[in-house]
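One structure is given below, encoded as structure tokens.
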Amino acid sequence: MTTDKRLIEAAAKLLDAGGEEAVTLRAVGHAAGVSHNAPYKHFANRSALLAAVAAVSFADLAQAMATIRRSRRTPTKKLMATLNLFMDYSREHPARYRLLFNNPETAAAGGELKIKALETFEHFRSIVQECQETNNLPSAPIGTLASLIFATVHGLLAIEGNGQLHPEKGLSSVEASMEILLGLLAPSKA
């Protein structure tokens, strides 16, 4: 494994264990088993290293979504599997999830990170389009519909991550809320 990949992997582990504040170039060098100066030779700064972690993480999500897309499931089950992928990821890797979906610096980045983020969204958009083509979602501009569903799941996950998802507010879980939304969006079969 190359040094830069070892550094990215070490940074991801530190991020998962202690949040963004745990990711310093010195700590990453130590965790990767290289000199404390080695990370500076591969990444301009901490932000560049976190962007590399985010790009790899988006690529991993895109690969998982591609597997879901190729599966023999119905389009609606593919969509729920993809939403569950996001839910599981946010719960298993909360700091990495926040880096990917709730970090303004990540959202503003260009280059490789933007490409990987868009590839991930394209898989999601294609699954939503399959649902439209089988009349399980309404006929609406695909980009808008996919973005609406995408934003809803990530908004609910942010609320959950902040400890603000309370049944007394009418939201018992992200899963149940997304099932209700998809049911409401489904065209009537009358």
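Every read-out reported here was derived from the displayed coordinates using simple, explicitly stated rules and does not represent laboratory data. Since we're looking at a predicted model, the values are computed, not measured. Methodologically, a virtual Cβ is constructed for each residue, glycine included, from the backbone with ideal geometry; neighbour enumeration extends over all protein chains shown.
A few notes on this one:
- HN-Hα J in Hz across segment 119-131 - Karplus 6.51, -1.76, 1.60, θ = phi - 60°, x for Gly and Pro: 4, 4, 5, 4, 4, 4, 4, 5, 5, 4, 5, 4, 5
- In segment 108-190, the trypsin sites (Lys or Arg not before Pro) that fall in loop regions by DSSP, at most 10 other Cβ within 10 Å: K189
- 3J(HN,Hα) from dihedral phi, segment 159-171, Karplus parametrisation 6.51/-1.76/1.60, rounded to Hz, x for glycine, proline: 4, 4, x, 8, x, 10, 8, 10, x, 5, 8, x, 10
- Applying a DSSP loop filter and a limit of 12 other Cβ atoms within 10 Å to the trypsin sites (Lys or Arg not before Pro) in segment 47-103 leaves R72.
- Of [x] 11.4; [y] 12.2; [z] 9.9, the label for mean projected area of the Cα convex hull in nm² derived from the coordinates: [y]
- Alpha-carbon geometry of segment 81-183: the Rg and the Dmax are 14.3, 43 Å, given in that order.
- Approximate spin-label separation L85-T3, in nm, with each point projected 7 Å along Cα-to-Cβ: 3.4
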